[in-house]
Amino acid sequence: MPNNSKDKKLSLEIKMDESKTGLNRRKFLASSISCAMAAGVISLCPGIAGAQDALEKKSDKERKMIYRGFGKTGWKIPIISMGVMRVPDPGIIKAAFEAGIRHFDTAANYQYGRNEQMVGNVLAKLGVRKQVIIGSKILVPAQREALTEQDAGQRINQLIDATLKRIKSDYIDILYVHDVSDPSDVSNPLILNALKEAKQAGKVRAIGITTHSNMAMVINEMIDVGDYDAVLTAINFTMADDDELMAAIEKAAKSGMAVVAMKTLAGGANWPNPETRRNYNAQTVTRAALKWVMNNENIVTSIPGFTNYEHLTDDIEVAYDLDYTSDEKKLLKDNNIKLSIGFCRQCRQCLASCPYNSEVPKLMRIHMYAAQYANFYLARQTLDEIPESRGLEMCRDCDTCVAQCANSVDIAQKINDLKLMYT
Ligand code: SF4
Ligand code: SF4
């Protein structure tokens, strides 16, 4: 998308954030602390206490947040954005804006639409719609149903209109087709034509795809198609050996596509293994993982999910400084950590090892949503998307799990956990 005057204006507005709000990072932290003190709640707010530490350490100098260009759109945004998916409190979105976050990532199916509503309500109340980028996602019926081009166009249009209503805006900055793993969906004319029409109509400013599985193939297909502005892909340090994905990300960036990173914390900062907790504190874990992703200059920004003010404080620091501390370097070199995290990179290599053809990668993702994100709505929703003949039902009749992971995921343990959770 060329640099038209509207885009330049937005870019300028995004960069003018601090002067317009009157809040820079230090003022945000200071105001948060004084508010909490005034309310007498500071001892209940570990995030605020962490912010106070940060303020004390950094009070001697002001630093600049790192911005990167968003592909061919001409926008410039900070390298840390906000994944809103699991936010329980609208106040965290407001605090994120005041801290300098300018890109908010949501989806039509997060919290059954209430997540988009929360983003729309907070940004409308702040009166800052033009200063921010909202990315949202729709599950496109043409991916799963046999539809004519006209039906698909109408259905996609209805989904877009519903999102616009929920985010209280007449445009979506980035509209992603959610969860694409089949490269043929990338060039499906039923989907692509409807997206391009929405862009031409001004309802959408940039179009993209989110991919958790088969990422390299999906991204390469997007580059070949040439119509997409952005890809939101899973990427984290446990996948450093995925040469195909790294090459696809580099090629995408060179082609002018904005690459946005998700799953950057490899399934959440609360990695369920004693090894991590024994040797590293939560801040080291979060920052090491985020810095590893954002030190790749082919990636524009990442969307870690903040569920409390402490996460915001931990993550926002990375937007100012990508140098590793010695502990962060140690963690990233620690192979035991990578193995013990057991992050499922959705490579699908385990499929052949399950005699009942269960959707093991999706079941592993559901386990992450439930056990690590504690997002039981999303876990249930994703579980319901799997046909019964390939879902947890198959595992219930299976005494011993023989599915094998090509990496380090304990499939049998996670399937057992799921059976207990969803009896
Ligand atoms: S469980 Fe292992 S083999 Fe299966 S998709 Fe996940 S990482 Fe790949
Ligand atoms: S328990 Fe394991 S082997 Fe059995 S159906 Fe489920 S994934 Fe396949």
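Pairs of Lys residues in region 313-423 are counted when their Cα atoms are under 17 angstrom apart and they lie 8 or more places apart or on different chains; the count is 4.
The residues packed around TYR112, meaning those with a beta-carbon under 11 Å from its beta-carbon, carry a net charge of +2 if Lys and Arg are +1 and Asp and Glu are -1. Counting 0.36 nm for each residue step from GLU393 to TYR112 and taking away their Cα separation leaves a gain of 98.7 nm.
Evaluate E = 1/(1 + (r/R0)^6) for LYS94 and ASP161, where r is the Cβ-Cβ distance and R0 equals 25 Å; express this FRET efficiency to the nearest 0.05. Rounded to the nearest 0.05, the efficiency is 0.40.
Annotation: extensible slack from ASP384 through GLU149 equals 82.0 nm (criterion: 0.36 nm per residue apart, minus Cα-Cα distance). Ranked from largest to smallest solvent-accessible area, with a 1.4 Å probe on the protein heavy atoms, ASP334, ASP241 come out as ASP241, ASP334. Residues LEU339, LEU418, sorted by accessible area with the largest first, give LEU339, LEU418 [1.4 Å probe; ligands and nucleic acids excluded]. Model label points for ASP417 and ALA124, set 7 angstrom from Cα along the Cα-to-Cβ axis, are 3.8 nm apart. Extending 7 Å from Cα along the Cβ direction at GLU62 and again at ALA247 yields two label points whose distance is 4.6 nm.
Segment ALA374..ALA240, full-extension length gain: 45.6 nm, with 0.36 nm per residue of separation and the alpha-carbon distance subtracted.
Once you list every other residue whose beta carbon is under 11 Å from the beta carbon of GLY391, what net charge do they have if Lys and Arg are +1 and Asp and Glu are -1? Once all neighbours under 11 Å are counted, the net charge is -2. Note on TYR356/LYS168: beta-carbon distance plugged into 1/(1 + (r/R0)^6) with R0 of 51 Å gives a FRET efficiency of 0.65.
The values are calculated or read from the model by the stated rules, or taken from the named source; none is laboratory data. Just so we're clear, the structure is a prediction, and the values are computed from it rather than from any experiment. In this analysis, Cβ positions are derived from the backbone assuming ideal geometry, glycine residues included, and neighbour counts consider all displayed protein chains. Each accessible area value is taken on the protein alone, full model and side chains, heavy atoms only, with ligands, DNA and RNA left out. Shrake-Rupley method; radii C 1.70, N 1.55, O 1.52, S 1.80 Å.
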